[in-house]
Amino acid sequence: MKAAAKLLAWFDRNGRTLPWRKTRDPYRILVSEVMLQQTQVSRALVFYPQWLERFPNWKALAKADNASVIRAWSGLGYNRRALMLRDIALQIAVNPRLPPTNYHLPTTESEWRTLKGIGPYTAAALASFSLHERVMPVDTNVRRVLGRFLLGIPFPSPKQDERIRKAADAFLPRRGRFYDVPQALFDLATMVCKKTPDCTSCPMRTVCPAAAKFLSGKVRIPKRSVAKAAESRHRNKPHPDRIYRGRILKLAGRSGGFLLARLGETIDPGYDDALDRAWLAAMVERLVADRLLARTTKTVSLPR
Ligand code: SF4
């Protein structure tokens, strides 16, 4: 059995059933991809149907104002993603460079790449899952698995992406279910080929040059395989700033907004105006700069 066939046979037995895998609608696929960028699958499973109920298609989302999309995204974190998603919907509604069918929907991976907010990974994911184009979306998980079983590198870095893409092109079947291969890789990465891989139960073990390295016990597992960007946080506060920014947005979403003078003590029981005013002001400034917050001299609210 060829390597890709082995992987797909394993996927058929073990793959996760996820709602965004049951559709080829690029809108639904994009919503799931953006949600999954910095959110666990279990959390995306809760928010995905709620978002689709509120904004069922490109048109509904393109018409939404900032406040509506920020409210609907509330709880998922990294709220700029909500505005980015709406801005992509706006481009699809009006982009004159794209064919004038189905809301000017892109019809190839390279057309998806022309949209602002769509990076190489997302363009490839949309092309693969929606258009069934023979391309490989390479994210952290796919990089790890393909880097291991195609190149024998235990911990591949983004520098190896070009080599991985070339090797993936030879690995992807020319016909049949090549569009299921990335989904199978996502699941293999989540269940088997994790940072510390379980090579003994892996379907790719016999064709994977990294398996012997791991099974020999000689591979040192790094504490962090990918350096994470340090989160900003106040050294005297228990949570990272994003938690407090989320609280600010929640209060700003109230009808009529929220009083600036009471903001600090409401988002943080230990707030001390003399010590924390600059910290609070910096968070408010950042939210305003990110188009997530509107501010007057007295109140904060969600922008229209
Ligand atoms: S054999 Fe091990 S290293 Fe290779 S793909 Fe499977 S789990 Fe990953």
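The values are calculated or read from the model by the stated rules, or taken from the named source; none is laboratory data. These figures come from a predicted structure and were not determined experimentally. Because the Cβ atoms are built from the backbone with ideal geometry, glycine has one as well, and the counts that use them run over all protein chains shown. Calculation scope for accessible area: heavy atoms of the full protein, side chains included, ligands and nucleic acids excluded. Shrake-Rupley method; radii C 1.70, N 1.55, O 1.52, S 1.80 Å.
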Can you list the lysines whose alpha carbon is less than 25 Å from that of Lys166, not counting same-chain residues fewer than 8 positions off? Lys2, Lys6, Lys194, Lys195, Lys213
The answer for Ala294, listing residues at least 5 apart or on another chain whose modeled amide H is closer than 5 Å to its amide H, is Ser301, Leu302
Sequence neighbours fewer than 8 away in the same chain don't count; with that in mind, list the lysines whose C-alpha is under 20 Å from Lys59. Lys116
What part of the accessible area of the chain, given as a whole %, is carbon or sulfur when the probe is 1.4 angstrom? 52
What value, in deg cm²/dmol to 500, does the helix sum -39500 (n - 2.57) over DSSP H runs of n ≥ 4 give at 222 nm once divided by the residues of the chain? -14500 deg cm²/dmol
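Tell me which chymotrypsin sites (Phe, Trp or Tyr not before Pro) from the stretch 1-81 have a DSSP coil assignment and no more than 16 other beta carbons within 10 Å of their own. Can you show the working numbers first?
On the way: sites: Trp10, Phe11, Trp20, Tyr27, Phe47, Trp51, Trp58, Trp73, Tyr78; in loops: Tyr78.
Here the chymotrypsin sites (Phe, Trp or Tyr not before Pro) that fit, given the DSSP loop and packing criteria, are Tyr78.
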Set Lys and Arg Cβ to +1 and Asp and Glu Cβ to -1, take the dipole of the stretch 241-301 about its Cα centre, and tell me which of Ser255, Thr296, Ala282 lies farthest positive. Ser255
Evaluate the charge dipole of the chain about its Cα centre and quote only its size in Debye, nearest 20, assuming +1 on the Cβ of each Lys and Arg and -1 on the Cβ of each Asp and Glu. 580
Rank these by accessible area, largest first, 1.4 Å probe: Lys2, Lys237. Lys2, Lys237
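Per residue, how much accessible area does the chain have with a 1.4 Å probe, in Å²?
Using a 1.4 Å probe on heavy atoms only, each residue of the chain averages 53 Å².
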Spatially proximal aspartates and glutamates relative to Lys63 (Cα-Cα < 13 Å; intrachain offsets below 8 disregarded): Asp87
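Please list the helices of the chain that count as membrane-span-like by this rule: a mean Kyte-Doolittle hydropathy of at least -0.5 together with Cα atoms stretching 18 Å or more along the helix axis, each helix being a complete DSSP H run. It would help to have the intermediate numbers written out before the result.
Values: long enough: 41-54 (19 Å, 0.00); 80-94 (21 Å, 0.76); 273-289 (24 Å, 0.61).
Membrane-span-like by this criterion, though nothing is claimed about a membrane: 41-54, 80-94, 273-289.
Within the stretch 179-261, report the trypsin sites (Lys or Arg not before Pro) that DSSP leaves as loop and that have at most 15 other Cβ atoms within 10 Å. It would help to have the intermediate numbers written out before the result.
Values: sites: Lys194, Lys195, Arg205, Lys213, Lys218, Arg220, Lys223, Arg224, Lys228, Arg233, Arg235, Arg242, Arg245, Arg247, Lys250, Arg254; in loops: Lys194, Lys195, Lys218, Arg220, Lys223, Arg224, Lys228, Arg233, Arg235, Arg254.
When the trypsin sites (Lys or Arg not before Pro) of the stretch 179-261 are filtered for loop state and at most 15 Cβ neighbours within 10 Å, Lys194, Lys195, Lys218, Arg220, Lys223, Arg224, Lys228, Arg233, Arg235, Arg254 remain.
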